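Q: What follows is a structure written as structure tokens; I'll ask about it next.
Each reported figure results from applying straightforward, stated rules to the coordinates on display, with no laboratory input. Predicted model, so just to flag it, every value in this text is computed and none were measured. All Cβ positions, even for glycine, are placed from backbone atoms using ideal geometry, and neighbour counts span all protein chains on display.
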Amino acid sequence: MGNSFISFLTEDLGAFFSHTGFAAITSGHIAMLVIGLVFIYLAIAHKFEPFLLIPVGFGILIGNIPFNLNAGLHIGIYEDGSVLNILYQGVTQAWFPALIFLGIGAMTDFSSLISNPKLMLIGAAAQFGIFGTYILASMMGFEPAQAGVTGMIGSADGPIAIFLSSKLTPELIGIIAISAFAYMALAPIIQTWIMKGLTTEKERVIRMKPPRVVSQTEKMIFAIVGLLLTCFLVPLAIPLLGMLFFGNLLKESGVTRRLAATARGPLIDTITILLGVTVGASAQATQFLTWHSLKIFGLGALAFIIATAAGILFIKLFNIFLKQDNKINPLIGNAGVAAMLGTARTSQKIGLEYDPTNHLMMHAMGPNVAGLIGSAIAAGILLGFLG
């Protein structure tokens, strides 16, 4: 009996331990677990995009629990047939981003953009962050496809970045998505100092004319015409723009309220959960903690900064040609970055600091939705050139 007990201790317990995460853990796993915890902390303690950062952060924890790959357990996200791998196909096949855009369309009001079409130019100017970083990354030796998806981080829109990466660089989806979501969440911190540094106190208190009332008919026409114009121009962006304008028509038609409510409620919430968790789980230490990934992360920050600055500087230039009573507050230039609502809220917050009665939110929504459309078009252009 003594020998049996010793055998149990030395062999059976040893076999059990070899299947635990403790036996396979590395410093890389520990580093990624810390990053996941930081994401969760930022979401809970500072309320930085909690609907994104909590699923992504927890996904990072899931994906970086080590296990014996040789055991043939088929539980990892990169193992064919595993549950996580099946869910991850929504990312690799890009149908999560398309469904996210359906929900965004069903919750977005294009009134600000329709009432003041020149705000579309701000969204277009912000795309300089994408193409400027693409040029810089190419000069640094990145392959064209990698340079393109790295520049797309400048949109700070996870679904768009995932869509493009899934088509051009599937091996980089994890780092591209994590970077885009991170800068989307950190927009209030990163953009604040850029906005204050590039504007004067006089510019920050510019009052814009209230947006005119836009009729329901105009909104429906915009959804249909917007689809036809953008998708005829860039057919490769149909999965994103088609779903965006379809969701918006569900909202604005007035006869499909239940469908619109589903798209902007239970559907987008479900997809956001699955997208965040699987993207987080894909950011494993072996893929994420490399010098190349860190360069992508750094260039993504630069793309975001350039996009923010480009939107603000464009308004300052544009204002030279506008009459005094028709000038645009440069603080809404940051909203040209596609990160929906987050950048518009930052415009509102900074504006209220300098004039508590000057509400910029509705004005900022114009370049915000223009930036979203512009980034989707940019993704289609890059896919056409680099695919």
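Q: Bin width 10 Å, alpha-carbon pairs only: give the P(r) of the chain as whole percents, running from 0 to the bin holding the largest distance.
A: Going out from 0 Å in 10 Å bins, the chain shows 5, 23, 30, 23, 10, 4, 2, 1, 0, 0 percent.
Q: Please give the peptides 186-193, 126-133 ranked by average Cβ packing (other Cβ atoms within 10 Å per residue), highest first, as a rough proxy for protection.
A: On the way: 186-193: 18.9, 126-133: 25.4.
Output ranking for 186-193, 126-133: 126-133, 186-193.
Q: If each residue's Cβ is checked for other Cβ atoms within 10 Å, how do SER165, SER155, SER112, SER253 rank with the fewest at the top? Walk me through the intermediate numbers first.
A: On the way: SER165 30, SER155 33, SER112 23, SER253 15.
Ordered by Cβ neighbours within 10 Å, fewest first: SER253, SER112, SER165, SER155.
Q: In deg cm²/dmol, rounded to 500, what helix-only [θ] at 222 nm does the chain give when every DSSP H run of at least 4 residues adds -39500 (n - 2.57) and the total is split over its residues? Please report the intermediate quantities before stating the final value.
A: Details: 23 runs with 270 residues, N = 387.
Roughly -21500 deg cm²/dmol at 222 nm, from the helical runs in the chain.
Q: Shifting gears a bit: So which lysines can LYS323 reach, going by Cα to Cα under 22 Å and dropping same-chain residues fewer than 8 places off?
A: Cα-Cα hits under 22 Å: LYS118, LYS202, LYS209.
Q: Along its three principal axes, how long is the stretch 97-162 when you only count alpha carbons? Whole Å, largest extent first please.
A: Largest to smallest, the principal-axis extents are 43, 29, 13 Å.
Q: Mind jotting down a quarter of the surface of the convex hull over the alpha carbons of the stretch 218-322, in square nanometres, one decimal?
A: Values: hull surface 41.8 nm².
Result: 10.4 nm².
Q: Using a basic spin-label model with each label point 7 Å from the Cα along Cα→Cβ, how many nm lie between LEU229 and THR270?
A: It is 3.4 nm.
Q: If each Cα of the stretch 232-387 is one equal point scatterer, what is log10 of I(q)/I(0) from the Debye formula at q = 0.08, 0.12, 0.13, 0.14 Å⁻¹?
A: -0.33, -0.75, -0.88, -1.00
Q: Take the alpha-carbon centre of the stretch 39-87, take the same for the stretch 275-299, and report the distance between them in whole Å.
A: Distance between centres, Cα-based: 12 Å.
Q: Further question: Given the options LEU227, LEU164, GLY254, identify the residue whose Cα lies farthest towards the positive end of the charge dipole of the stretch 110-265 (+1 on Cβ of Lys, Arg; -1 on Cβ of Asp, Glu).
A: About the Cα centre, the residue reaching furthest to the positive side is GLY254.
Q: Which part of the stretch 178-206 falls in the paramagnetic zone of PHE51, meaning amide N under 20 Å from the point 7 Å along Cα-to-beta-carbon?
A: 178-189
Q: On to the next question. Most exposed first by the Cβ proxy, i.e. fewest other Cβ within 10 Å, how do VAL277, VAL255 rank?
A: The most exposed by this proxy come first: VAL255, VAL277.
Q: Just to confirm a number: summing +1 for Lys and Arg and -1 for Asp and Glu over residues other than LEU331 whose beta-carbon lies under 14 angstrom from that of LEU331, what do you get? Walk me through the numbers on the way to the answer.
A: Working: positive: LYS196, LYS202, ARG204, ARG207, LYS316, LYS327, ARG345, LYS349; negative: GLU201, GLU203, GLU353, ASP355.
It works out to a net charge of +4.
Q: Take each uninterrupted DSSP H stretch in the chain, measure its Cα extent along the helix axis, and return the ones at 24 Å or beyond whose mean Kyte-Doolittle hydropathy is at least 0.0. If you can, show how the numbers build up before the last one.
A: Numbers: long enough: 27-45 (26 Å, 2.20); 216-233 (25 Å, 1.53); 291-319 (42 Å, 1.50); 361-386 (36 Å, 1.51).
Membrane-span-like by this rule: 27-45, 216-233, 291-319, 361-386.
Q: For ASP109, ASP157, ASP269, what ranking results if the residue with the fewest other Cβ atoms within 10 Å of its Cβ goes first?
A: Working: ASP109 15, ASP157 29, ASP269 12.
Taking fewest neighbouring Cβ atoms as first place, the list is ASP269, ASP109, ASP157.
Q: On to the next question. When we measure straight from the Cα of LYS167, which lysines land under 28 angstrom away, once same-chain ones fewer than 8 places off are left out?
A: Excluding near neighbours in sequence, the set is LYS295.
Q: Put +1 on the Cβ of every Lys and Arg and -1 on every Asp and Glu Cβ in the chain; which of GLN93, GLY311, MET184 then has its Cα farthest towards the positive end of the dipole?
A: GLY311
Q: Order these peptides, 142-153, 55-66, by their mean beta-carbon neighbour count within 10 angstrom, highest first.
A: On the way: 142-153: 25.4, 55-66: 23.2.
Highest to lowest by the protection proxy: 142-153, 55-66.
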